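Undergrad: Please see the structure below; I have some questions.
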Amino acid sequence: LELGARRDSYGTGEAAEDVEDVLRALGAGRIDLYGDSYGTYAAQTFAYRHPERLRSLVLDASYPLPGTDPTLADLASGSRRALRLACARRPSCAARHVDPVAALAQLVARVRRAPLALSGPDGDGVERALRVDERALVATVLSGAYTTLVDRDLPAALASLDRGDSRPLARVVAEAQGDPSDPSAPRDYSEALYLAVTCHDYPQMWDVAPPLTLRRAQLRRLRRDRPAAAFAPFSAAAWTGTDYEGADACLRWPAPRRADPLVPAGSAPPDVPTLMLGGDLDTVTPITEGRLVARRFPRSRLVVVKNSVHVTAVGDNDRCASRLVRRLAAGDASCAAAIAEVRVVDRFPLTLAEVAPAAAQAGDGSTVWARRVAAAAAITVSDAVARWQLNYSGTISGLRSGHATYSGDRRVRFRLAGASLVPGVLVDGRAIWDRDRGFVRGRVSVRGSGVVVAFGWSTRGRLRRAWLTGVSAAGPLRATMLAP
């Protein structure tokens with residue numbers, strides 16, 4: 001209502017022409033164009049409209065023109081694939097022979113009968129009261145597009161719920177929801193602007209011309225007629241009806257006032273070097289969509305970045321995709337196949353006895369109990385490090401109690417104060433995550449145990465081992481474990 005006739009001015013075609021106008025005003029020549037996520041959609045539009053302007057093109061996490069399935073069933077398929085792949089690549093998860101999607105389906109069936117009232121800390125460590133129903137679980141799974149935490153924690157959280165421990169699941173859901181009362185500043189992200197673009201350009205679940213009553217009828221018919229398996233383990237209504245950027249978010253958006261095809265008739269993609277990047281755990285622009293786009297560009301090279309989620313080059317802790325962008329993947333791209341597996345949580349222990357002890361090494365004089373304590377300390381540190389990507393407050397809550405604070409960006413320094421992942425195991429001390437060099441190291445103690453342990457592990461490479469050295473009441477501690 002506020003935009004009125006101006007609503008069509010926010011479409012991708014208009015934006016592409018704005019870019020060309022700026023380049024012309026600057027007297028620019030041919031350019032190297034990078035786009036990620038929606039930026040790939042805009043970059044493709046620009047490439048078709050102004051192929052003479054490009055010297056090279058990089059598309060990271062590609063969404064095809066003019067769009068894909070308006071029901072977002074491709075995202076549901078990608079989510080199932082990511083959960084299963086992450087589990088299969090982590091030995092402790094694969095060894096349980098439990099399908100995480102089947103386990104999620106059991107929970108979905110349960111909350112359809114009776115939603116759960118839970119409480120858990122969000123990404124900033126604020127305790128949130130939660131209603132866990134089917135739509136909350138859809139939002140949780142969808143949040144896995146941008147972070148590995150869902151693939152990392154959800155299988156073990158579902159297993160914990162089965163034995164009466166709801167805290168791990170509550171935390172995953174709370175982190176996905178964030179703080180609903182604190183929207184981001186529009187200059188950082190505007191959902192209104194997002195809708196003004198996508199409601200104008202993307203395929204919808206209804207014909208855009210009919211009035212609202214007919215659109216609703218078409219939406220009901222589509223939800224009814226699509227195979228249930230397309231959205232499994234969720235219903236069509238829950239999957240397409242999420243509050244945030246749901247597939248039905250444009251139901252009331254008026255039809256465009258004039259035709260403005262993103263790809264003008266007779267245009268062709270530019271014959272320039274084109275690098276395609278895609279994470280094989282990406283659920284919002286699944287790698288199948290990247291392959292589709294790659295086939296359209298005559299000089300494209302597709303690099304699948306293993307164990308990576310949505311957008312691979314920005315915030316690249318593995319220094320792989322970002323380097324490929326700088327050299328357009330010329331030469332060796334083997335680093336894309338060597339990214340560390342998602343370090344899927346084995347379990348959320350309720351007692352120290354449930355923690356697998358670290359394996360004794362030469363020179364070890366500790367007891368099995370002490371090596372359990374050391375392993376519990378290591379997984380507690382890992383839990384705090386993993387949650388850094390969601391936290392903006394500087395304080396990360398321990399799952400059971402205590403907290404960790406942090407400072408820095410490329411070298412993130414953590415200080416743990418009674419942080420507890422395992423009930424009763426309270427960890428104090430310091431850790432450093434060097435994101436540029438790819439390792440975590442530090443020194444912590446466990447209250448009341450007599451165990452003090454120094455530790456370290458690489459965050460890069462597959463199936464890496466962590467080292468643990470320190471002291472215990474029985475003697476020196478020298479041990480190793482799979483890097484948490």
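Undergrad: In percent, how large is the relative contact order of the chain, given Cα pairs closer than 8 Å and 6 or more residues apart?
TA: 16 percent.
Undergrad: Going by a ≥ b ≥ c, the root eigenvalues of the Cα gyration tensor, does the range 245-296 fall in the rounded group (a/c under 1.5), the prolate group (a/b larger than b/c) or the oblate group?
TA: Values: a/c = 4.02, a/b = 1.21, b/c = 3.31.
Oblate shape, in that a/c is at least 1.5 and b/c is the bigger or equal ratio.
Undergrad: Could you compute the net charge surrounding residue 400? Neighbours are other residues with a C-beta less than 15 Å from the C-beta of residue 400; K and R count +1, D and E count -1.
TA: My count for the surroundings of residue 400 gives -1.
Undergrad: Where in the range 219-242 does the label zone of residue 109 land, with the point 7 angstrom along Cα→C-beta and an amide N cut-off under 13 Å?
TA: Under 13 Å, as judged by backbone N against the label point of residue 109, lie 233-234 of the range 219-242.
Undergrad: Measure nothing but the geometry: give the 0 to 90° angle between the long axis through the Cα atoms of 38-49 and the longest principal axis through the Cα atoms of the chain, rounded to 10°.
TA: It is inclined by approximately 30 degrees.
Undergrad: Carbon-plus-sulfur fraction of the accessible area of the chain, 1.4 Å probe, in percent?
TA: Details: 11650 of 21400 Å².
Result for the chain: 54 percent of the exposed heavy-atom area is carbon or sulfur.
Undergrad: Go through 129-135, 36-42, 375-381, 209-215 and give me the packing order, highest mean Cβ count within 10 Å leading.
TA: Put in order of decreasing packing, that is 375-381, 36-42, 129-135, 209-215.
Undergrad: Moving to a separate point now. With all protein chains present and a 1.4 Å probe, how do 253, 457 order by accessible area, largest first? Walk me through the numbers on the way to the answer.
TA: Working: 253 60, 457 15 Å².
Accessible-area ranking of 253, 457, largest first: 253, 457.
Undergrad: Right, here's the next one. Could you please tell me the mean projected area of the C-alpha convex hull for the range 9-106, averaged over all directions and given in square nanometres to one decimal?
TA: One quarter of the hull surface, i.e. the mean projection, equals 9.1 nm².
Undergrad: Here's a follow-up. What order do 224, 323 take when sorted by accessible area (1.4 Å probe), most exposed first?
TA: Of 224, 323, the descending order of accessible area is 224, 323.
Undergrad: Can I ask one more? Sorted by accessible area with a 1.4 angstrom probe, largest first, how do 201, 318, 225, 162 fall?
TA: 162, 225, 318, 201
Undergrad: Could I ask something else about it? Rolling a 1.4 Å sphere over the protein heavy atoms, what is the accessible area per residue of the range 142-238, to the nearest Å²?
TA: Counting only protein heavy atoms, the per-residue value for the range 142-238 is 48 Å².
Undergrad: Using only Cα atoms, find the angle between the long axis of helix 368-387 and the longest principal axis of the chain, and express it within 0 to 90 degrees, rounded to the nearest 10.
TA: 20
Undergrad: Follow-up question, since we're still on this one. Give, in nm to one decimal, the length gained when the segment between residue 410 and residue 208 is fully stretched (0.36 nm per residue of separation minus the Cα-Cα distance). List each step's numbers first, then the result.
TA: Details: separation 202, 0.36 × 202 = 72.72 nm, distance 4.69 nm.
So the extension gain works out to 68.0 nm.
Undergrad: Quick check for me: using +1 on Lys/Arg Cβ and -1 on Asp/Glu Cβ, what's the dipole size of the range 107-190 about its Cα centre, in debye to the nearest 20?
TA: With only Lys, Arg, Asp and Glu charged at Cβ, the dipole is about 380 debye.
Undergrad: Treating only the Cβ atoms of Lys and Arg (+1) and Asp and Glu (-1) as charged, compute the dipole magnitude of the chain about its Cα centre; round to the nearest 20 debye.
TA: Its charge dipole is roughly 1360 debye.
Undergrad: Moving on. Can you tally the net charge around residue 437? Count Lys and Arg as +1, Asp and Glu as -1, for every other residue whose Cβ sits under 13 Å from the Cβ of residue 437.
TA: Combined, the nearby Lys, Arg, Asp and Glu give +3.
Undergrad: Let me ask something additional. Put +1 on the Cβ of every Lys and Arg and -1 on every Asp and Glu Cβ in the chain; which of 439, 228, 249 then has its Cα farthest towards the positive end of the dipole?
TA: 439
Undergrad: How far, in degrees from 0 to 90, does helix 12-26 lean away from the longest principal axis of the Cα atoms of the chain, to the nearest 10?
TA: Between the helix axis and the principal axis of the chain, the angle is about 90 degrees.
Undergrad: Quick check on the range 197-345: take the gyration tensor over C-alpha atoms, sort the square-rooted eigenvalues as a ≥ b ≥ c, and tell me if it's rounded (a/c under 1.5), prolate or oblate.
TA: Working: a/c = 2.83, a/b = 1.53, b/c = 1.84.
Because a/c hits 1.5 or more and a/b fails to exceed b/c, the range 197-345 counts as oblate.
Undergrad: How high is the relative contact order of the range 46-145, in percent, counting Cα pairs under 8 Å that sit 6 or more residues apart?
TA: Reported as a whole number, the value is 18 percent.
Undergrad: Quick check: net charge around residue 105, other residues with Cβ under 14 Å of its Cβ, Lys/Arg +1 and Asp/Glu -1?
TA: Here the count lands on +2.
Undergrad: Could you work out [θ]222 nm for the chain from helices alone, using -39500 (n - 2.57) per DSSP H run of at least four and dividing by all its residues? Round to the nearest 500 deg cm²/dmol.
TA: When only DSSP H runs of four or more count, the value is -10000 deg cm²/dmol.
Undergrad: Farthest toward the dipole's positive end in the range 176-305, which of 193, 210, 287, given Cβ charges of +1 (Lys, Arg) and -1 (Asp, Glu) about the Cα centre?
TA: Comparing the listed Cα positions along the dipole, 210 ranks first.
Undergrad: How many nm separate the modelled label positions at residue 216 and residue 195, each set 7 Å beyond the Cα in the direction of the Cβ?
TA: Computed distance between label sites residue 216 and residue 195 equals 1.7 nm.
Undergrad: Just read off the accessible area of residue 409 with the full protein assembly in place, 1.4 Å probe, to the nearest 10 Å².
TA: Surface accessible to solvent at residue 409 totals approximately 80 Å².
Undergrad: With an 8 Å cut-off on Cα pairs and a minimum separation of 6 or more residues, tell me the relative contact order of the range 103-211 in percent.
TA: Once normalised by length, the contact order is 26 percent.
Undergrad: Next up: Ranked from highest to lowest mean number of other Cβ atoms within 10 Å per residue, what is the order of the peptides 437-445, 338-346? Numbers along the way, then the final one.
TA: On the way: 437-445: 18.1, 338-346: 21.9.
Most protected by this proxy first, the peptides run 338-346, 437-445.
Undergrad: What does the C-alpha gyration tensor say about the overall shape of the range 31-87? Classify as rounded when a/c is under 1.5, otherwise prolate if a/b is larger than b/c, or oblate.
TA: Oblate shape, in that a/c is at least 1.5 and b/c is the bigger or equal ratio.
Undergrad: For labels at residue 95 and residue 389 in the simple 7 Å Cα→Cβ model, what's the distance in nm?
TA: 2.5
Undergrad: Would you mind getting me the FRET efficiency between residue 225 and residue 257? Use the beta-carbon distance for r and R0 = 30 Å, nearest 0.05.
TA: Plugging the Cβ-Cβ distance into 1/(1 + (r/R0)^6) gives 0.45.
Undergrad: Over the heavy atoms of residue 194, what accessible area does a 1.4 Å probe trace out, to the nearest 10 Å²?
TA: Answer for residue 194: close to 70 Å² accessible.
Undergrad: Next question, about the same structure. In square angstrom, rounded to the nearest 10, how much accessible surface does residue 395 have for a 1.4 Å probe?
TA: 50
Undergrad: Separate question: How far apart, in nanometres, would the label points at residue 32 and residue 338 be if each is projected 7 angstrom from Cα along the Cα-to-Cβ direction?
TA: Each label point lies 7 Å from its Cα, and together they span 2.3 nm.
The values are calculated or read from the model by the stated rules, or taken from the named source; none is laboratory data. As the structure is a computational prediction, the values presented were derived from the model and not from experiment. As a convention, Cβ positions derive from the backbone with ideal geometry for all residues, glycine included, and neighbour counts pool all protein chains shown. Heavy atoms of the whole protein, side chains included, go into the accessibility calculation; ligands, DNA and RNA do not. Shrake-Rupley method; radii C 1.70, N 1.55, O 1.52, S 1.80 Å.
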